[in-house]
Structure formats: C-alpha cells, structure tokens
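Enquirer: Below are the structure tokens for one structure; questions will follow.
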Amino acid sequence: MAKNESLRIVLGIGTAAAVGIIGFGYFFHYRNGRKRILTVFDMIPELNNPTVRIKDRESVERKIRQIIAGGAEKLQVISDFDHTISKHTHNGKIVPTCYGILESYPLLPQFYREKALQLKETYYPIEFCHEMTNEEKYPYMVEWWTKAQNVLIQCNLNRGMIQDMVEKSEVIVRDGSDKLLLNLYKHDVPLLVFSAGVGDVLEEVIRQNLKMYDNVRVVSNYLEYNGNWNFRAM
C-alpha cells in the first residue's frame, strides 16, 4: 500500500470515529429520493484502490466498524514520521528523513557530510539485508549509531541551528497531514509519533509545516546539549 493512501485511509477512519457519524459502520445516502446504505468502503474510497491488497474485506470492514463504534474516547492514532507524515518523494526526488535534514545542512562542516555518507554506504545495506537476522544486525546498527554520534559531536552543532536547518531543507509533509492533525486535535484523540529519527528535527518540521497540538506526543531520539546549547550526546 502506498503511504499517501495509508494516510488518507487513517484520516478517513480517524475522522469517522472521532465524529461518530456512522454508528456501527453504516450511514444512509439519499440519491434521487432513494435511500441506500453506505459501507466503510463507500466512505473510504482509497480502500478500493487496486494497489491496496485486502484478503478478507468483510473482516476489514468489521474491524473498522468496531473502531468507529468505539468513538473518539477509545481512539488513539500511532504513526511513524519519516516518509509517513513526511512524503517519500516529491517531483521525482526522495524527500529527506530527519537524519537526512541533519546531514544535508550546509552550515555543518564538509567532513561531517562525507563521513555520514561513508557510514551510510557501509551500514545501510546491512540494515536492510534479508539474509541476516535482527540479532545479527544489532551490533552493526549500534556501531553505526556510535560512530555517527561521535562525528556529530565534532561539528559544534548548536540547538539554535535546528530551526534554520529545517527551513533550508527540502522536507515536505504529505497532503492531508494538516487535516489529520486538526481533526484529531478537535476531538481530543491522542496522536503518538514514534520515530527512530531525531526528535528535535521532527518536532521542528511539524511546527514549521503543520502545528504541534497538545494531543501530539513524540517518542524519538533527542539531542542532549551542554550549558552552551551545543550538542554533546543523543
């Protein structure tokens, strides 16, 4: 399933559940004076897209009806951030992740970008290697993380750079993200954003492109700063 479709599906389900407009999964539509029952698949047309694979439509509709019937008070939305709330591609170019925003920041020294690229070329194939177990990958991921952090410490990254970093980046949020966040906020539905990215950068992207509502909670990796607000650890 394409992630932009996934977002629209979540938006449809979340809004319906939050407003509670269709009871147990159906509501009536009048056309030419005749009443017709609309199903979940009528309400959320993205579910009918040929790129959305559904093995058991009845089971899916039953589960969505249960979510809707529970209403806003029983609804909680959990989302990733990179290439989920943010786009994967835009005008044929891959949109940067939180780490990508950091690595492409022009005010950081060139040696950082070169080293970050070198580390990515070394460890990225391991991260997505289908012939290795997660247990086998784990020490390499820790090694990648540790080396990348040690390089960043040498760059005198200051907290005040985060806003400028996001402003200069090419990150773009998905269409409909603003409506999703607003609807969830209006109906007091918690939104938990879990991300393996950089929490400081993630929150700044939301502030600049959407809005950091009170119902949004982010669980991510945050930068630690010294007394001069320079980065010292993550």
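The values are calculated or read from the model by the stated rules, or taken from the named source; none is laboratory data. As the structure is a prediction and not an experimental result, all values here were calculated from the model. Glycine also receives a Cβ, built like all others from the backbone with ideal geometry; neighbour counts cover every protein chain displayed. All accessible areas refer to the heavy atoms of the entire protein, side chains included, with ligands and DNA or RNA removed. Shrake-Rupley method; radii C 1.70, N 1.55, O 1.52, S 1.80 Å.
Enquirer: Which ranges mark the helices (runs of 4 or more DSSP H) fully within region 28-126 that have 1 or more residues being open to solvent by less than 80 Å² (accessible area, probe 1.4 Å) and aromatic (Phe, Trp, Tyr)?
Expert: 40-43, 98-103
Enquirer: Within region 170-193, is there a residue that is buried (at least 18 other Cβ atoms within 10 Å of the Cβ), of a type outside the set (A, V, I, L, M) and closer than 15 Å to residue 102 by Cα?
Expert: There is no residue in region 170-193 that is buried (at least 18 other Cβ atoms within 10 Å of the Cβ), of a type outside the set (A, V, I, L, M) and closer than 15 Å to residue 102 by Cα.
Enquirer: Report the residue count in region 61-82 for those that are modelled with pLDDT of 90 or more and among the β-branched types (Val, Ile, Thr).
Expert: Selection size over region 61-82: 2.
Enquirer: Please count how many residues of region 177-232 are outside any helix (DSSP H, G or I) and either hydrophobic (A, V, I, L, M, F, W, C) or within 30 Å of residue 156 (Cβ to Cβ) (or both). First the steps, then the outcome.
Expert: Just the residues of region 177-232 that are outside any helix (DSSP H, G or I), to begin with: 187-198, 210-232.
From what is left, the residues that are either hydrophobic (A, V, I, L, M, F, W, C) or within 30 Å of residue 156 (Cβ to Cβ) (or both) are 189, 191-198, 210, 212, 216, 218-232.
Selection size over region 177-232: 27.
Enquirer: Kindly indicate whether residue 224 is open to solvent by 20 Å² or more (accessible area, probe 1.4 Å) and free of Cβ contacts under 8 Å to residues at least 24 places away in the same chain.
Expert: When the stated conditions are applied, residue 224 passes them.
Enquirer: Hey, another quick one. Just to verify a result, which residue in region 191-234, among those that are polar (S, T, N, Q) and in contact with a strand residue (DSSP E or B) (Cβ under 8 Å, 6 or more places away or on another chain), is nearest to residue 145 (Cα to Cα)?
Expert: Filtering region 191-234 for residues polar (S, T, N, Q) gives 195, 208-209, 215, 220-221, 226, 228, 230.
Right, trim to in contact with a strand residue (DSSP E or B) (Cβ under 8 Å, 6 or more places away or on another chain) and you get 195, 209, 215, 220-221, 226, 228, 230.
Values: 195: 15, 209: 28, 215: 30, 220: 14, 221: 11, 226: 20, 228: 24, 230: 19 Å.
For region 191-234, the residue satisfying everything is 221.
Enquirer: Which pairs have Cβ atoms under 9 Å, sit 6 or more apart or on different chains, and link a residue in region 195-217 that is modelled with pLDDT under 95 and buried (at least 19 other Cβ atoms within 10 Å of the Cβ) to one that is part of a helix (DSSP H, G or I) and aromatic (Phe, Trp, Tyr)?
Expert: Taking only residues 6 or more apart or on different chains, the pairs are 197/99; 198/99.
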